[in-house]
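Comments concern the structure below.
Coordinate-derived values only; no laboratory data. Everything quoted here is computed from the prediction, not taken from an experiment. In this analysis, Cβ positions are derived from the backbone assuming ideal geometry, glycine residues included, and neighbour counts consider all displayed protein chains.
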There are 2 protein chains.
Amino acid sequence: MGGDAGPDVVIPGAALSALRHPELRFLLVGDRSRIAPLLERHPKLKERSEILHTEVFVTMDAKPSQALRQGRGKSSMWLAIDAVRTGEAHAAVSAGNTGALMAMARFILKTLPGISRPAIAAMWPTLRSESIVLDVGATIGADASQLVEFAVMGEAMARSLFGLEKPTVGLLNVGVEEIKGAEQVKEAGRILRDSKLPIEYAGFVEGDDIGKGTVDVVVTEGFTGNIALKAAEGTAKQLSTYLKRCLQRTLMSKLGAVLASGAFAALKDRMDPRKHNGGVFLGLNGVVVKSHGGTDALGFATAIDVALETVRNDLVSKIKADVEIMTGLLKQPGHAEAKQPEPSL
Amino acid sequence: MGGDAGPDVVIPGAALSALRHPELRFLLVGDRSRIAPLLERHPKLKERSEILHTEVFVTMDAKPSQALRQGRGKSSMWLAIDAVRTGEAHAAVSAGNTGALMAMARFILKTLPGISRPAIAAMWPTLRSESIVLDVGATIGADASQLVEFAVMGEAMARSLFGLEKPTVGLLNVGVEEIKGAEQVKEAGRILRDSKLPIEYAGFVEGDDIGKGTVDVVVTEGFTGNIALKAAEGTAKQLSTYLKRCLQRTLMSKLGAVLASGAFAALKDRMDPRKHNGGVFLGLNGVVVKSHGGTDALGFATAIDVALETVRNDLVSKIKADVEIMTGLLKQPGHAEAKQPEPSL
């Protein structure tokens, strides 16, 4: 029911996904009177779907605490996440209110032992290929040991989803020199460098290193990560608008644009945010993926793909194992103790 | 002597500026044996320049505290800023070590009364025109009253440099709803909304609003501002690389690229980082402008242009007057007191 268009995007998105992955089954949680008519248009999806009816849903502007209170046990968001807890579903995908989704996911699925806070990981297209950036908005601020947790989780995700043996991990900072930057980032750098963690730590990276693909995993706290992600999205839109305007200026450039239309189509495809949609919630006992609220069916299908890959690669177990190793290593003398998990909401 | 190339960029940059502004005079601070031969190639600059010789200079990787200790009273950076203090120069422009430049500028010029911390303001090209973003890296972190100071200074700069009567000001946040975001940002929002400050406060803006030009002035703390700026720069480079690659794919697209070359030249010009070079240090008793360390002569000339405009518009006096109004208003009952200035370094 979430996102700007609700079932009008989610159902066609699931239908696309059903065609791509004939083995998938769908539990569609929400208002039957809105879902059922849409399903009629997608018979392939219909035969592999079940509707879990509820008329309660979390609005896009609800506060997380309010959503938890009012949506508990009955909202579509709650029921979808709870299906992951009971094992009825392998993953939950939502285009709804991010804060509410994270709060409910933490409450229902609980964080993994040794993780104090979950993070949202985004796939960021780079000149080299694709990198993982986290946290892009689960929580504001992070101390050194939380940044180390993010590094461990992001590294496990890169190994798992990109099939890399030794993905490189960088800490986002305002300079690459060891003396620069925020205290907690410097401290996280020291822990990653000095610990025996089986992580290929590459040091600090700056904002422009993300798009270059300098490292496979970029670690930062949620406020900066969210703003960096959106600033990059804004710049991409800005440049494509400039390009369109410039190509319309003369007859010659218009003709050139027609001849090069294949190249522009390739560029558009490369930049298409719908192909990089899907923020993975890391650090929970289960898979929850957040789709952009303003995406279309193609974008929502990408978010489902991401959820499927996350489940197939058993990322949750991998993170669990890695966090155990981390907790063990960081408890050794000379290391700051890993933080105890916060009590759930 | 600063930047990646030192005088090899600074002198040709000053020469360009001398052609653009025949009324300017230049005090070239640094090693005469490197500067003098370069001046021979630029007679127009030579006749309006004076060399202030020193063989001490701050390296790009020096810690600010180290630069202050070792460069005090004798380094080129120190002497250039000190010339602003004595009135011998109207502004100092440097491509050197940002942290050292800011530390020395604070030490020599002092912050304005009522300002607890200076900020670096960048010009950010937008779809609408250009916006001011601050702080892009003077200091890490800022509390609510410091963010309000940034808003006041950025607004004065937009009025002054863009000639706007009522520039709009936004606070960079992870969501536009009032309930979202970092505590200090929310508190700054309350102060800006409830105070009688003569500022057109437009609320929170997100990362993608910067490039859209949603507001004329975007206020944030230096860590996030620096990373957003560099993430946007990285994305711009990334897209221009994609575009070049795509246009090289087929004969047809290569031909199209030739025909549309005027459009691409216009796009390149629009995106040219050298045309938006120059971070203005705001909140000091004097004008200091930081050029990108990796720029060329054209970029350095832009930074000199920015310094010239800042001086011509008497931005320092305008900020001083506005900060006095702010301090008065925020001291009224019901407002958090404006912070006292920190002791200088």
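Diffusion coefficient of region A:228-339 by Stokes-Einstein, Kirkwood radius over Cα pairs, 37 °C, 0.692 mPa s: 184 µm²/s. Coupling constants for region A:153-164 follow from the phi torsions by the Karplus curve (6.51 cos²θ - 1.76 cosθ + 1.60, θ = phi - 60°), and in residue order they are 5, x, 5, 4, 5, 5, 4, 6, 7, 9, x, 8 Hz; glycine and proline get x. Only the Cβ atoms of Lys and Arg (+1) and of Asp and Glu (-1) were treated as charged; on that basis the dipole of the protein assembly as shown about its Cα centre amounts to roughly 1200 debye. Using a Gaussian network model of chain A in which every pair of alpha carbons under 10 angstrom is joined by a spring, one finds that among A:GLY256, A:GLY175, A:GLY278 the greatest mean-square fluctuation is at A:GLY256. Put simply, the amide H of A:VAL287, placed in the peptide plane, has neighbours under 5 Å in A:ALA92, leaving out anything fewer than 5 places away on its chain. Here A:LYS318 yields copy-to-copy label distances, from shortest upward, of 5.4 nm, the label point defined as 7 Å from Cα along Cα to C-beta. Here the label points at A:LEU329 and A:LYS275, each 7 Å from Cα along the C-beta direction, are separated by 3.5 nm in the simple model.
The 3J(HN,Hα) values that the Karplus relation (6.51, -1.76, 1.60; θ = phi - 60°) gives for region B:3-14 are, in residue order, x, 5, 10, x, x, 4, 9, 5, 5, x, x, 5 Hz. Gly and Pro appear as x. Ranked for footprinting exposure by Cβ neighbours inside 10 Å, fewest first, A:VAL258, A:VAL174, B:VAL311, B:VAL84 give A:VAL258, B:VAL311, B:VAL84, A:VAL174.
Look at the stretch B:212-225: the mean tally of other chain Cβ atoms within 10 Å of its residues' Cβ atoms is 3. Counting only DSSP beta bridges with both residues in chain A, tell me the antiparallel percent, nearest 5. Percent antiparallel among DSSP bridges in chain A is about 35.
Hey, in the GNM for chain B with a 10 angstrom Cα cutoff, which one of B:THR126, B:THR59, B:THR250 fluctuates hardest? Evaluated over chain B, the most mobile residue of the options is B:THR250.
Once you order the gyration tensor axes a ≥ b ≥ c over the Cα atoms, which shape class does chain B get: rounded for a/c under 1.5, otherwise prolate or oblate by comparing a/b with b/c? Provide the component values of the computation, followed by the final result.
Details: a/c = 1.92, a/b = 1.11, b/c = 1.73.
Judged from the Cα gyration tensor, chain B comes out oblate (a/c at least 1.5, b/c at or above a/b).
Annotation: the antiparallel percentage among DSSP beta bridges lying fully within region A:62-214 is about 55.
Most tightly packed first, judged by the mean number of other beta-carbon atoms within 10 Å of their residues, the peptides A:183-191, B:227-235, A:100-108, B:148-156 read B:148-156, B:227-235, A:100-108, A:183-191.
Applied to region A:300-314, the Karplus parametrisation 6.51 cos²θ - 1.76 cosθ + 1.60 on θ = phi - 60° returns per-residue 3J(HN,Hα) values of 5, 4, 4, 4, 5, 4, 4, 4, 4, 4, 5, 6, 4, 8, 6 Hz, with x for Gly and Pro. Taken residue by residue and averaged, Cβ atoms of other chains lying within 10 Å of the Cβ of B:157-165 number 0.
The DSSP beta bridges internal to the protein assembly as shown are antiparallel in roughly 35% of cases. Of B:ILE140, B:ILE132, the sequence from fewest to most neighbouring Cβ atoms within 10 angstrom is B:ILE140, B:ILE132.
Give me the extension gain from A:ARG190 to A:PHE107: residue separation times 0.36 nm, minus the current Cα-Cα distance, reported in nm with one decimal.
Working: separation 83, 0.36 × 83 = 29.88 nm, distance 3.23 nm.
Full-extension gain reported as 26.7 nm.
For region A:1-144, the Cβ-based charge dipole about the Cα centre amounts to some 220 debye (Lys, Arg positive; Asp, Glu negative; other atoms uncharged). Comparing B:LEU112, B:LEU282, B:LEU134, which has the greatest mean-square fluctuation in the GNM of chain B with Cα pairs linked when under 10 Å apart? Looking only at B:LEU112, B:LEU282, B:LEU134, the biggest GNM fluctuation is shown by B:LEU112.
Of all the Cα-Cα pairs you can form in the protein assembly as shown, what percent are over 52 Å apart?
13 percent
The ranking of A:THR220, A:THR241 by Cβ neighbour count inside 10 Å, starting from the fewest, reads A:THR241, A:THR220. Calculate the dipole size of region A:176-221 relative to its Cα centre from +1 charges on Lys and Arg beta carbons and -1 charges on Asp and Glu beta carbons; express the result in debye to the nearest 20. The dipole magnitude comes to about 160 debye. Across the identical copies, the 7 Å label point of A:MET60, projected outward along Cα→Cβ, sits 4.4 nm from its counterparts, in ascending order. Across the options A:ILE115, B:PHE281, B:LEU19, the greatest Cα extent toward the positive end of the charge dipole of the protein assembly as shown (unit charges at beta carbon of Lys, Arg, Asp, Glu) belongs to B:LEU19.
Amide H to amide H, with H built 1.01 Å from N, B:GLU200 comes under 5 Å of B:VAL169, counting only residues 5 or more places away or on other chains. Here each label is just a point 7 Å from Cα along the line to Cβ, and for A:ARG41 and A:LYS166 those points are 5.1 nm apart.
Dipole of region B:123-241 computed with +1 at Lys/Arg Cβ and -1 at Asp/Glu Cβ about the Cα centre; of B:GLY137, B:ILE227, B:ALA158, farthest Cα towards the positive end is B:ALA158. Counting only lysines at least 8 places from A:LYS186 when in the same chain, those with an alpha carbon closer than 20 Å to its own are A:LYS196, A:LYS331, A:LYS339, B:LYS63, B:LYS230.
Using just the helices of the protein assembly as shown, give the 222 nm mean residue ellipticity in deg cm²/dmol: DSSP H runs with n ≥ 4 each add -39,500 (n - 2.57), and the total is spread over all residues, rounded to 500.
Numbers: 28 runs with 346 residues, N = 690.
Dividing the helical sum by the residues of the protein assembly as shown leaves -15500 deg cm²/dmol.
Taking a point 7 angstrom from the Cα of A:SER317 along the C-beta vector, which residues in region A:147-168 have backbone N less than 20 Å away? Backbone N within reach: A:153-165.
Using a/c under 1.5 as the rounded threshold, could you call region B:14-135 rounded, prolate or oblate? The axes a ≥ b ≥ c are square roots of the C-alpha gyration tensor eigenvalues, and prolate needs a/b larger than b/c, oblate otherwise. Oblate, because a/c is 1.5 or more while a/b does not exceed b/c. For region B:160-235, a/c is not less than 1.5, where a ≥ b ≥ c are the root eigenvalues of the C-alpha gyration tensor, and a/b does not top b/c. That puts it in the oblate class.
A label point on B:PRO113, set 7 Å along the Cα-to-Cβ line, lies at 6.3 nm from each of its counterparts in the other copies, closest listed first. With Cα atoms defining each centre, region B:11-60 and region B:127-161 are spaced 31 Å apart in the structure.
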